[in-house]
Amino acid sequence: MRVAHPQQPLPISDSYGTVAKRSILNAGWESVLNTIFPNQSDDTDAIAPDLGLSQELLARVIKNDYSKFINGTARPRGGEKSLTRILCAVQQILGIEYCPLLPDIVTMMLAHMPESYAYATVREMISDTSNFLPVCLKDHYAWCKTYYFFVKRMFPQAYQVMMQCGALTVEGLDPIFKRFFRTLLKPDDALHFMDIFLVEGCKAIFRLALSLVGLISKKDLKTIVFTDAASWWNAIKAITLSPTFSFQKHLDKKVYPKFGKATRRYPKRRVLSRIIRYNQQWALDNMPVYIDRTPPKPMGYIPGKPIILAKPALVRSNLVKWLPVSLKATKLDLIYSTESDGRSLSALYEKCKRTKHTIVLIEAMTIPSNNVIIGMFASQPWNVQPNSYGDGECFLFRAEPDAKCFHWTPDFSAGFEDIENQAIREQFMVARNEYLAMGANADGTNGLRLNQDLNRGESYPALGFGSEPLAGENNKSFEVGTVEVYRLVRDVDGKAVGGEGRDSVWNLEGV
C-alpha cells in the first residue's frame, strides 16, 4: 500500500492490518466472488486463466511447485481453488488478460495471507502507475527489451554470450519475467525476495535479474559452452540452488550494496520507467497477436428453475464458446423440461413457439451406462411447419463428454445438377407433429432427431454439418432421459433475445 500510494499518510496504510479493515476486505472479496461465480457450480468447476503463462506451466504451478512446505508452513487447504478464484477475479473484474508473473506471485501470497488480502494486494499492484507489473503483452515485451538494454550496457561480455545462446530473447527471459525467479531461487529465497518486491516494485525485479548475470564469472563465460537459453539459466541455478549460496549475502553485496561502484550501477526508478515507456513502441512493432487459450467464462443461468443438464459449468463454458458472437453475452433461461412440463413434443412446441435462438439439451442414455449430453442450437422458434426452415446459424453439438460442435457450412462447389443434395443440406430445422429434427441425409436419417414422446432419439452424420453420431458410433439410436430447452436472456437488461414480449415481432396477441 505504501508503495502503490506514497502520497497517503502512514496511518491509512497501517489501517490495512486492523480488524475493521479486514472485515471490509472480506466483504469486498465476497462481493467479487458473487459477481464472477453467481452459481455454486461456477466456482466448483472454474478453470484458472493462465494470463499468458500457458496452461501447462500453470498446472505445474498449481500441482507441483508449491505442494511442499515453505518456511515450515504448508500451503493452506484449498490453495488451488484460492489461486483459481483470484486469477479469475483478475481477469473478469480487473480486466487483465496477460500478466504471466501473477500466478507465481499470487501462490506465494496465499501461503501467508487469506484470499481477500491477496486479491487486495494484487489490485493495488495493477492500479499502481509506477509499472509495478507488466499487465499486457506490450508491457511484457517492453520489460524484456529494457532488461536487454541494461545487460548490454552493464555486462558487455555476458551480453555477447547471452545473445548467442538466446537468453536475451523474450522467450529466453521466461525464468525472470514469467516465473518470477521461482525456478532460479530456493523457495525460502523466493519468499524473501517477494517481501522486497512488495515494497520496491519493478525496481527490485530488475536489480535482482541484473545481479544474477554477474554470478557467471569472466572465466566461465569463456570456458562454458552455452548452447541455448536453458543452458545459461542452468548455469545460474547451479550457483543459486547450491547449499553454499547465501541469498542474504548476495542481496547485501550485489543487489543493495551500501558502498562501491555497484551503488551507482543499477537504474533508478525514474530512469527505469522512462526506458520502459520508450521501449513500448518497439514492443508494439515486434509482439505477436496474443490468443487466450483459457476456456471462456461459463454462461450464467436464471436461478429458481429445475435446471439439470446445464448445471455443470463446463457445459455452459462450451456453449458460450460455440454461440454466435452477438449471443455470447447472454444467460440461459429454462423454458421447457421433461421433468416439470411432461414428456410431450406438443408441450415442447407450445413452450417454444414464440422464442427464437433456443438451445435444446438432451440426455442420451447410452450403452455402456455413461450418459451423454447432446443438443442443438435453433435460430428460429420450434413450431410445426410443413417444410424445413432455419438458417446456417443452427448447429449440433455434444456437450459432455468429449465436447464437440458441428456448425453448418455451405458447399460452394456444388453445381446445378446437385440441387437435390443442396436442398437436403439446407434442411436445418424440421418440426412435425411426429418428430423434431435438425440436419438431414438422402436416406432419410437426421443429424439429431427426437420422436413424438421424447423417449427415443437418433443421431447420424448430417450433410452440411459434417457431424458424427452425437451419442457415439455405437449409439446411433438411443433412449432419451431428460430434455431441456433454454432461451437466451441478455446480461445487460435481462430481456429475452428474440423472445416473448409486447414489443416482440413474435407476439401475435390481438392479431
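Only DSSP H runs of four or more residues enter the estimate; each adds -39500 (n - 2.57), and after division by the residues of the chain the mean residue ellipticity at 222 nm equals -11000 deg cm²/dmol.
Our coupling estimate for the range 53-62, obtained by passing each phi through the Karplus curve with A = 6.51, B = -1.76, C = 1.60 and θ = phi - 60°, is 6, 5, 4, 5, 5, 4, 4, 5, 4, 5 Hz, Gly and Pro reported as x.
Taking amide H as placed 1.01 Å from N in the peptide plane, residue 400 has its amide H under 5 Å from the amide H of 373, each at least 5 places away in sequence or on another chain. Of the Cα atoms belonging to the range 144-203, the radius of gyration and Dmax stand at 12.8, 35 Å. Using the Karplus relation 6.51 cos²θ - 1.76 cosθ + 1.60 with θ = phi - 60°, the per-residue 3J(HN,Hα) values for the range 182-192 come to 4, 7, 9, 10, 5, x, 5, 5, 5, 5, 4 Hz, with x marking Gly and Pro. All Cα-Cα separations within the range 311-469 were binned at 10 Å from zero, giving a P(r) of 10, 40, 38, 10, 1, each value a whole percent of the pairs.
For residue 345, the accessible surface of its heavy atoms amounts to roughly 0 Å² (probe 1.4 Å, protein chains only, rounded to the nearest 10). Computed over the chain, the range of Cα coordinates on each principal axis works out to 90, 59, 44 Å, biggest value leading. Model label points for residue 492 and residue 153, set 7 angstrom from Cα along the Cα-to-Cβ axis, are 4.8 nm apart. How high is the relative contact order of the range 158-251, in percent, with contacts defined as C-alpha pairs under 8 Å that are six or more residues apart? Computed over the range 158-251, the figure is 44 percent. Charges were assigned to the Cβ only: +1 to each Lys and Arg, -1 to each Asp and Glu. The resulting dipole of the chain about its Cα centre is roughly 3800 debye. In the chain, the longest principal axis of the Cα atoms and the axis of helix 269-278 are about 50 degrees apart. Taken one residue at a time, the phi angles of the range 283-295 give Karplus couplings (6.51, -1.76, 1.60, θ = phi - 60°) of 4, 4, 6, 10, 7, x, 6, 8, 10, 6, 8, 5, x Hz. Gly and Pro are set to x.
Here's how it looks for residue 330: its modeled amide H is under 5 Å from those of 491, which are all 5 or more places away or on a different chain. Electrostatic bookkeeping for residue 306 treats Lys and Arg as +1 and Asp and Glu as -1; over the other residues with beta carbon under 11 Å from its beta carbon, the sum is -1. Listed by chain and number, the aspartates and glutamates placed with their C-alpha closer than 19 angstrom to that of residue 237 are 65, 104, 171, 174, 188, 189, 220, 228; residues fewer than eight positions away on the same chain are left out. Computed over the range 260-371, the P(r) curve from all C-alpha pair distances, binned at 10 Å from the origin, holds 10, 25, 22, 11, 10, 11, 8, 3, 1 percent per bin. Simple rule: put +1 on each Lys or Arg Cβ and -1 on each Asp or Glu Cβ in the chain, find the dipole, and look at 324, 86, 245; the Cα lying farthest toward the positive end is 245. Label separation (residue 270 vs residue 188): 4.0 nm, computed from points 7 Å beyond Cα along the C-beta direction.
For residue 31 and residue 94, the difference between the fully extended length at 0.36 nm per residue and the C-alpha to C-alpha distance is 21.3 nm. Angle of helix 137-154 to the longest C-alpha principal axis of the chain, folded into 0 to 90 degrees and rounded to 10: 20°. When chymotrypsin sites (Phe, Trp or Tyr not before Pro) are flagged only if DSSP places them in a loop and at most 13 other Cβ atoms lie within 10 Å, the longest unflagged stretch of the chain comes out as 70-258. To the nearest Å, what is the center-to-center distance of the range 342-389 and the range 421-484, using C-alpha atoms only? Computed from Cα coordinates, the inter-centre distance equals 11 Å. Taking the square roots of five times each eigenvalue of the Cα gyration tensor of the range 316-374, the equivalent ellipsoid has semi-axes of 22, 20, 8 Å, listed largest first. Where does helix 19-36 land angle-wise versus the long Cα axis of the chain, in degrees 0 to 90, nearest 10? For helix 19-36, the angle is close to 40 degrees. Amide H contacts of residue 482: 363, each under 5 Å away and 5 or more positions distant or on a separate chain (H built 1.01 Å from N in the peptide plane; Pro and chain starts excluded). Compactness ratio for the range 190-263: Cα radius of gyration over 2.2 N^0.38 Å (N = residue count) comes to 1.18. Contact order, relative form, for the chain: 11 percent (alpha carbon pairs under 8 Å, 6 or more residues apart, mean separation divided by residue count).
The values are calculated or read from the model by the stated rules, or taken from the named source; none is laboratory data. In this text the structure is predicted, and so the values were computed from the model without any measurement. Note that we place each Cβ from the backbone using ideal geometry, even for glycine, and neighbour counts take in every protein chain shown. The protein model used for the area step is the full one, side chains on, heavy atoms only, and it has no ligands, DNA or RNA in it. Shrake-Rupley method; radii C 1.70, N 1.55, O 1.52, S 1.80 Å.
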